[in-house]
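Here's the structure we're looking at; comments come further down.
Please treat every number below as a calculation from the coordinates, not as lab data. This is a predicted model, so every value here is computed, not measured. Here Cβ is always computed from backbone atoms with ideal geometry, including for glycine, and neighbour counts include all displayed protein chains.
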Amino acid sequence: MAEKPVKNKSEASKQALDLNALSGLDFGPNWADENAKPARLKNYDSPSKGGKGKRGGGAARDRRSGGARRGGPGGAGERDGQVDRRGNQNAGRGRRDGRDGRDSREGGRGRPAAAAYFQPTVKVDLYPQDEAFEALINRLRSSARTYQLFDIAHLLLEKPDRYIVVVSPKPAKGGEVKQLYYSVPGHLPFETEEDAINYVISNHLDQFFDIEEIEIDPPKGNFQMVSRCTITGELIGPPNYHRYQEFLQRHYAARITGMSFERFTSKLEGVKDPEQIEAWLESMKKGARYTVKDRQEGEPESFESLEAARHFLLQHRKDKVVGSGDSIRFAGRDIERLPQGDIRRSVEAYVESQNHFPLDSANNIRGRLRRHKFAVYKKGSKGVSYVCAVKRKFRDSKTSFTDSIRDLIEFIEQHPDMPASKLPKEYIGIDTEKQKPEALKMTEAEVEAAAKAKAEAEAKAKAEAQAKAKAEAEAKTESSEEEVTAEGAETASSADAPEAPVLAEGATASTEATPKAALSQEDERKLGQLMLDLRWLITEGYVTEYGDGRLFAAPPMPEAKPKELKARKPKAPKVAPESKVVTPVEEQPAEATPVVDAEDDSTATS
């Protein structure tokens, strides 16, 4: 039976409404629903359908490339012509350089540009200063501890007084090596001869002249303006003064560093203040007279201008002013006296890198330590280099020790890297105070003592050389036989001379153990014996005590396997070709028919 239509509208709405049908509705946006299908583009949004709108196509590309994650629904704020949340139009145009909104200029929007990497202009090396190195040698010999080579290098680099700097030019692109120049007074390196001369004129002119201040007449003329250096604030002079260029060059050489002359002149300003002009005129009333020191015959006695004194030095004293060489060597404490420039910047950058990782400096002192009979060896997978005044020894099955030393070295072997301060408690059960080993250091008093000892040794060697030369002069009157005998005795005595001891007398080998409580007589004996045995093992080289107090004993060396001797066939004796006669008998085996020489055969027949 067909259903009748409902005429009442309210009844019809109640009959059609089903609340269960609303449970599946989602009132959120489409872009938040992962299961929602992307809306189809209209004809004007798709270029493939003849539409003109490129912005719609760009929006589709942004959606496919994850633009919705960057800029919100549908990649809003990413497309050209769109307005972001703050109302900025074309917010996405800053991304054209591929930097996610950062400015295409160097350093990005709101960020300072990164400093350009400095490329050193010279090659730099650091070597230990002689007195400081001798003090270090004495310090290492007074202790039997083993230190890392890098720790020793850091100790020498700790203060500029402990090392010297050697700079040399880098080869040019074409392979040509340039020379460096140095100021003879002070012995500092410079890239050009002019820089070295200007440094001497500004800082060491008193070595060549007696400088006396004198009163002179001020310049005369109509000066409406004076130039002032904006860098130093000093007045240079009027541009219409005949010595203006001289004043410019002098001020630039003495006061300006790290700047070209053209840039320096661009920093000048003209001052028309009458008080400033009068102040310059007042300063020009004071002059200087340069009287020549060590004057030779025919040379002028004095000069009243700096330019004349400079010309005299270059004409008559140039070898005492400036020099050149392939490498320049100067003290590390003189780095502060270097003028600002590429050489100083190169040296400071290299010193900073060596303080961080002193590989080159460590290699420079490695050979010098070995010449002083120090043991330098590498250990571990990383190849860490260690230095000690004691040469290591390794035990094997044939090495015999007393019972107490054997037990101690076996215990240290079984407990590697145990601090020496904990050894009494772990080995014999006696608790001692925790004592940190003395850190590797070097005082200025030790450096001064080493310098004094070196000076005394040089004086003694000089006196011995003079005495020897005098004895040789007197010995010329003697017979040649006596001279030969004396030389043979001298050679024998020098050959029999013992080598210098590796360890200094009274060298300490380990941290002294101080018990926490009073000990019995037996415990005191055990503790004393332990420290004696440990000291002996360390000073002999069987046990290594590192700078931080750790102990290490290498395991016994395995016995060498005897090599199996392979049976070798005896070789026939070689016969001189001229005395050998080839016969058919030689083709037969030697065991069957002996080879008989022709001469022997004839002798036997006769």
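Side notes on the structure shown:
- Per-pair calculated FRET efficiency, R0 = 51 Å: residue 377 and residue 203 via Cβ, rounded to 0.05: 0.60
- Using a Förster distance of 56 Å, the FRET efficiency for residue 433-residue 463 (Cβ separation, nearest 0.05): 0.65
- With a simple spin-label model that places each label point 7 Å from the Cα along the Cα-to-Cβ direction, the separation between residue 384 and residue 441 comes to 2.2 nm.
- Taking Lys and Arg as +1 and Asp and Glu as -1, the other residues whose beta-carbon sits under 14 Å from that of residue 125 total +3.
- Packing-based exposure ordering (other Cβ within 10 Å, fewest first) of 234, 545: 234, 545
- Put a plus charge on the Cβ of each Lys and Arg, a minus charge on the Cβ of each Asp and Glu, and nothing anywhere else: the dipole of the stretch 326-396 about its Cα centre is then about 840 debye.
- Between residue 521 and residue 138, the C-beta separation translates, for a Förster distance of 35 Å, into a calculated FRET efficiency of about 0.35.
- Inter-probe distance in nm under a simple model that places probes 7 Å from Cα toward Cβ, at residue 319 and residue 448: 3.9
- Gain upon complete extension [residue 282, residue 192; 0.36 nm per residue less C-alpha separation]: 28.8 nm
- When each of 544, 192 is scored by the number of other beta-carbon atoms lying within 10 Å, the sequence from fewest to most is 192, 544.
- Length-normalised contact order of the stretch 180-331 in % [C-alpha pairs under 8 Å, at least 6 apart]: 37
- Estimated distance in nm for a label pair at residue 336 and residue 246, the labels positioned 7 Å out from Cα along Cα-to-Cβ: 3.5
- Potential extension, residue 254-residue 293 segment - 0.36 nm per residue separation minus Cα distance: 11.8 nm
- Residues of the stretch 419-447 with an amide N closer than 17 Å to a point placed 7 Å from the Cα of residue 407 along the Cα-to-Cβ direction: 423-431.
- Counting Lys and Arg as +1 and Asp and Glu as -1 over every other residue whose Cβ lies under 10 Å from the Cβ of residue 155, the net charge comes to +2.
- Among the lysines of the stretch 180-331, pairs that are 8 or more positions apart or on different chains and have alpha carbons within less than 20 Å of each other number 5.
- The fewest-to-most ranking of 460, 159 by surrounding Cβ atoms within 10 Å reads 460, 159.
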